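One structure below.
The values are calculated or read from the model by the stated rules, or taken from the named source; none is laboratory data. Given the structure is predicted, the values throughout are model-derived calculations rather than measurements. Glycine gets a Cβ as well: all are built from the backbone with ideal geometry, and neighbour counts include every protein chain shown. For the accessible areas, the whole protein counts, side chains as well, though only heavy atoms, and no ligand, DNA or RNA atoms are used. Shrake-Rupley method; radii C 1.70, N 1.55, O 1.52, S 1.80 Å.
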Amino acid sequence: NRDLVAKWDFNSAAPTLDSRGNFGELTLSGTAKLTEEGLELNSGGYARAADYKGPVIGEKTLIAFLVLNDLDDLRPAGSALTLDAINQDSFDGLVLGERRDREWMAGSNHWSRTEDLSSPAAVEEEAGDLIMIAATYEKTGNNTTRVTMYRNGVYLGQYEKGNLATWPGGNTEALFGCRHLVGDSAHG
């Protein structure tokens, strides 16, 4: 089933709500704030939507539209969008700059579904432009995860690594800004 499971539009009349109704209301932490331009995340800021009540998420595509205002302050690396398990250290996210400066990757817990991309297009060169970053996660016939990444529709790379993670109701949260949470501690 390839139905849209969740969607946030930070310029809508209800920016903290998942328009599909599967996640609870978004909470803002640290320096995170909603502005006329959308969700603004500065160092230490992140947004979290928990209380997931939708179908189990397995194969998926994560997509985020964002503007990077500054490429000089990317440490510790953050994520444009992450699916995170609440009661264990397991996540999949659209991560920037964790292993290589300014480079996108499909981040995961202990890099279990992560490999570096070899595409120069995965490296951010300029700040200020609206970009779209996406990663697809598919289960292969040999029980591994096939991950494919795109930036503005341009293919960045594909690899197979690790088992496909699943995200059930009651134990899944969506994060914007940080890579993942361990307890109440934000990473990235």
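Values as computed for the structure displayed
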{"read-out": "Test for G93: is it touching a Lys or Arg at 6+ places or on another chain (Cβ under 6 Å) and either touching a residue at least 60 places away in the same chain (Cβ under 8 Å) or on the phi < 0 side of the Ramachandran plot (or both)", "value": "yes"}
{"read-out": "Qualifying position, being over 20 Å from L68 (Cα atoms) and surrounded by 14 or more Cβ atoms within 10 Å (Cβ to Cβ), among G38, G24", "value": "G24"}
{"read-out": "Subset of the range 92-110 [open to solvent by 10 Å² or more (accessible area, probe 1.4 Å) and within 25 Å of N171 (Cβ to Cβ)]", "value": "E98, N109, H110"}
{"read-out": "Wholly enclosed strands (runs of 3 or more DSSP E) of the range 122-187 bearing at least 1 residues under 30 Å from L17 (Cβ atoms)", "value": "130-139, 145-151, 172-177, 180-182, 185-187"}
{"read-out": "Checklist (1) of a type in the set (K, R); (2) open to solvent by 70 Å² or more (accessible area, probe 1.4 Å); (3) in contact with a Lys or Arg (Cβ under 6 Å, 6 or more places away or on another chain) applied to R113, failing item", "value": "(2)"}
{"read-out": "Criterion (within 24 Å of L41 (Cβ to Cβ), of a type in the set (G, A, S) and in contact with a Gly (Cβ under 8 Å, 6 or more places away or on another chain)) met by exactly one of G169, G78", "value": "G78"}
{"read-out": "Pair list, Cβ < 9 Å and 6+ apart or interchain, from the range 159-188 residues that are at pLDDT 95 or above and among the basic types (K, R) to residues that are part of a strand (DSSP E or B) and open to solvent by less than 40 Å² (accessible area, probe 1.4 Å)", "value": "K161/S108; K161/T145; K161/V147"}
{"read-out": "Members of the range 1-21 that are open to solvent by 70 Å² or more (accessible area, probe 1.4 Å) and either at pLDDT 95 or above or over 23 Å from G78 (Cβ atoms) (or both)", "value": "N1, R2, D3, L4, K7, D9, A13, L17, S19, R20"}
